[in-house]
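Worksheet for the structure shown next.
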Amino acid sequence: MATEDIKEFEFKKGESGNPDGRPKGTLNRSTIAKAWLTANESTKNPITGAKETLSQEDIMTLALINKARKGDVSAYKALMDSCYGMPKQTIDSNVNDVTPKITGITFEK
């Protein structure tokens, strides 16, 4: 295809490749989720039992802590990974050479 033929299909300056796409000003999923997680609610703290005003994120974190305190191992792991990061996994590449040794083969010239 010649360069002149390709220019026929290129977008003109200021022209969108998806004119019917997401309207300007529409919030993405991440922004919406953050807004809901910061919404406050007056509720009972599951650990202390006191009535407090907490964000949704606080409520979920406290519920996770409460589950971990009752023995839920997956809740404990989620909390530890969240607080301290996941454990670093390394691969030791300095192990003994395990490549097979081939002996007894001769090559003819």
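The values are calculated or read from the model by the stated rules, or taken from the named source; none is laboratory data. For clarity, every value in this text was computed on a predicted model and none was experimentally measured. Reconstructed Cβ throughout: ideal geometry from the backbone, glycine too, with neighbour counts over all protein chains shown.
Does ALA63 qualify as being modelled with pLDDT of 90 or more, surrounded by 10 or more Cβ atoms within 10 Å (Cβ to Cβ) and of a type in the set (A, V, I, L, M, F, W, C)? Spelling it out, ALA63 is indeed modelled with pLDDT of 90 or more, surrounded by 10 or more Cβ atoms within 10 Å (Cβ to Cβ) and of a type in the set (A, V, I, L, M, F, W, C).
The residues listed here are ASP81, ASP72, ASP20; of these, the one that is modelled with pLDDT of 95 or more and charged (D, E, K, R) is ASP72. Of the residues making up segment 18-31, those that are in a loop (DSSP other than H, G, I, E, B) and loosely packed, with under 10 Cβ neighbours inside 10 Å are ASN18, PRO19, ASP20, GLY21, ARG22, PRO23, LYS24, GLY25, THR26, ASN28.
Return the residues of segment 32-53 that are exposed (fewer than 10 other Cβ atoms within 10 Å of the Cβ), on the phi < 0 side of the Ramachandran plot and either not hydrophobic (A, V, I, L, M, F, W, C) or not in a loop (DSSP other than H, G, I, E, B) (or both); say none if nothing qualifies. Those that are exposed (fewer than 10 other Cβ atoms within 10 Å of the Cβ), on the phi < 0 side of the Ramachandran plot and either not hydrophobic (A, V, I, L, M, F, W, C) or not in a loop (DSSP other than H, G, I, E, B) (or both): SER42, THR48, THR53.
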